[in-house]
Amino acid sequence: MDETLYGTRDKRGYWTPNTRPTRAPIFVWPVQPKAFLRWLLGYLWPWNAIYFATALVSWYLTPSLETMREFSLGWISLIILRNAALTLLFYGSFHTVLYIQRCQQIDFKYNAKWPDTNNSTFLFGSQSAENVFWTMCSGVPVWTAYEVLTWWMFANEYIPYVDFRQRPACFIALTLLVPMWYSLHFYVIHRLIHKGPLYRIIHEVHHRNVNPGPWSGLSMHPFEHIVYFSGVLIFFLVPSNPLHAVFYLSRSALAPASGHSGFDRIVTGDEKCINNDHYYHYLHHKYFEVNYGTDMKIPLDEWFGTSHDGSPEADEAMHKRIKAKKYARG
């Protein structure tokens, strides 16, 4: 497929999409009803719909609440095996198609180079091997620990419960707000772990992936996994349904696969492709001190002066900001 229809590739091999990240219409004034409806469709389909469908599958593969009133190796083992299987399916599919089979070569790949396979910076000398290790040996257990605790809390009625049949409007509204809450929580904890020693001790593990691949998404220090998944704790305070918590956790665990795929579009046919649209976060891995949010749904980076849309003007603004910061430090 001709990638030049959607963007350009420079002499160094970096591909840039023609469209620039923009804030969601709900944060634009005056109100733009048509733009909002188009944005809402993209907000729901395809990715959030896929993650919600995955949450429904997880719900189906979960024991009854009565079973989970007491901690038991049986039901906890079932959940960790289910989560491990989902992780292998999501991350493995992206990695196999894009990086092992290389079905579309470097078409729409932000960085024309492939991940390092002989680099002592990474565990085992391989970027992908290190990424798989942190994802499966830390990410999945921490995800599961939060989910197990949440199920136990709901089963024992320690946290407020919303039944779809009794309060359908509230249930649907909370479901729609889950991705927004994820974005807000991610921005806050991401800014925090970019500070001084927290970055060097914790977040540097994730940022070794300057040229990320799918498995890079959940490749983090165990402490970062703990704060990353901690957004689910809001459901301990806000009346909700276990499905909302499962949706939040499964989305948090699986969305980084597409978010770090390194490709702007996934080719599905000769003239067909799916817009993966994670250039905003790719720029964070490239430049480090910009785009702390996952995207522009909530334009926090714009409000705090750390947004980068990939343009030369944004480059210039970034360099001025970094230079001013260094000057202020003396």
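The values are calculated or read from the model by the stated rules, or taken from the named source; none is laboratory data. Remember, predicted model here, so these are calculated numbers, not experimental data. Don't worry about glycine lacking a Cβ; one is built from the backbone with ideal geometry, like all the others, and counts go over all protein chains shown. What goes into the accessible areas is simple: the full protein's heavy atoms, side chains included, and nothing from ligands, DNA or RNA. Shrake-Rupley method; radii C 1.70, N 1.55, O 1.52, S 1.80 Å.
If I filter the stretch 52-60 for residues that are within 18 Å of the chain's Cα centre (by Cα) and modelled with pLDDT under 95, do I get at least one hit?
no
Can you tell which of F288, F263, F304, F247 is over 16 Å from A49 (Cβ atoms), buried (at least 22 other Cβ atoms within 10 Å of the Cβ) and in contact with a helix residue (DSSP H, G or I) (Cβ under 9 Å, 6 or more places away or on another chain)?
The conditions single out F263.
Do the conditions hold for E289, that is, is it out of contact with any Phe, Trp or Tyr (no Cβ under 8 Å at 6 or more places or on another chain), touching a residue at least 60 places away in the same chain (Cβ under 8 Å), not in a loop (DSSP other than H, G, I, E, B) and not β-branched (V, I, T)?
No.
Restricting the stretch 230-279 to residues that are without any contact (Cβ under 8 Å) to a residue 60 or more places away in the chain and among the β-branched types (V, I, T), which is nearest to Y91 (Cα to Cα)?
In this case the residue turns out to be T268.
Conditions tested, residue by residue: (1) within 21 Å of the chain's Cα centre (by Cα); (2) closer than 30 Å to N241 by Cα; (3) surrounded by fewer than 13 Cβ atoms within 10 Å (Cβ to Cβ).
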site	(1), (2), (3)
A112	no, no, no
T121	no, no, yes
S138	yes, yes, no
L149	no, yes, no
Y182	yes, yes, no
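Any residue in the stretch 313-325 that's under 19 Å from K195 (Cα atoms): show its pairings with residues that are of a type in the set (G, A, S) and open to solvent by less than 70 Å² (accessible area, probe 1.4 Å) at Cβ separation under 9 Å, as long as the two are six or more apart or on different chains.
R321/G305
Considering every residue within the stretch 101-122, establish whether at least one is assigned to a helix (DSSP H, G or I) and farther than 21 Å from I50 by Cβ.
Within the stretch 101-122, none of the residues are assigned to a helix (DSSP H, G or I) and farther than 21 Å from I50 by Cβ.
Taking I100, is it more than 19 Å from the chain's Cα centre (by Cα), surrounded by 15 or more Cβ atoms within 10 Å (Cβ to Cβ) and at pLDDT 95 or above? Steps first, answer last, please.
Values: more than 19 Å from the chain's Cα centre (by Cα): yes; surrounded by 15 or more Cβ atoms within 10 Å (Cβ to Cβ): no; at pLDDT 95 or above: yes.
No.
Based on this model, can you work out whether I193 counts as open to solvent by 20 Å² or more (accessible area, probe 1.4 Å) and either more than 25 Å from S93 (Cβ to Cβ) or without any contact (Cβ under 8 Å) to a residue 40 or more places away in the chain (or both)?
On the way: open to solvent by 20 Å² or more (accessible area, probe 1.4 Å): no; either more than 25 Å from S93 (Cβ to Cβ) or without any contact (Cβ under 8 Å) to a residue 40 or more places away in the chain (or both): yes.
No.
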